[in-house]
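Here is the structure we will look at.
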């Protein structure tokens, strides 16, 4: 019988070595050429041997965000979707408001940990982030702020260390 302490390592043994990810940047001002955050996500994934199925850019419009999220999670080869941008509190920051109702399961710990780690770097302004994660249609979905620093933090400290483990669990 496996003890509680062995559960994460036994679950990780089911994790795939390569995960296929779609990257979606939400921005009214960026183009694919000027999208440093989307490029950082792609480079971080590829440096760990993961596959990027596509990298898209969409305006801060609810119907456009919803359409692209649905399109990505409908693709059978896509294991995860990472959405960057639109997580603040300005009037145009609507990404979490659009994505959260689409989630079947919310992974509250991601947003909580992201804000905790951000607080260590930027102080109280971390509370303004509405980063979130969850699952839908057996696809992991992460919503990160759009700044390069926030993307780097999310990828290095939270997403990349657990992505294969999460996908392994979703495949069961």
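The values are calculated or read from the model by the stated rules, or taken from the named source; none is laboratory data. Keep in mind that what you see is a predicted model, and the values were worked out from it rather than measured. Here Cβ is always computed from backbone atoms with ideal geometry, including for glycine, and neighbour counts include all displayed protein chains.
Listed values, structure above:
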quantity: From 70, 117, residue being over 20 Å from residue 155 (Cα atoms) and either modelled with pLDDT of 95 or more or under 13 Å from the mean Cα position of the chain (by Cα) (or both); calculated: 70
quantity: Positions within the range 113-149 being touching a residue at least 60 places away in the same chain (Cβ under 8 Å) and within 26 Å of residue 15 (Cα to Cα), in sequence order; calculated: 136, 137, 139, 140, 141, 142, 143, 144
quantity: Any hit, the range 121-140, residues being surrounded by fewer than 16 Cβ atoms within 10 Å (Cβ to Cβ) and in contact with a strand residue (DSSP E or B) (Cβ under 6 Å, 6 or more places away or on another chain); calculated: no
quantity: Given (1) within 14 Å of the chain's Cα centre (by Cα); (2) surrounded by fewer than 17 Cβ atoms within 10 Å (Cβ to Cβ); (3) touching a residue at least 60 places away in the same chain (Cβ under 8 Å), index of the condition residue 109 fails; calculated: (3)
quantity: Test: residue in the range 35-50 that is touching a strand residue (DSSP E or B) at 6+ places or on another chain (Cβ under 6 Å) and loosely packed, with under 14 Cβ neighbours inside 10 Å; calculated: no
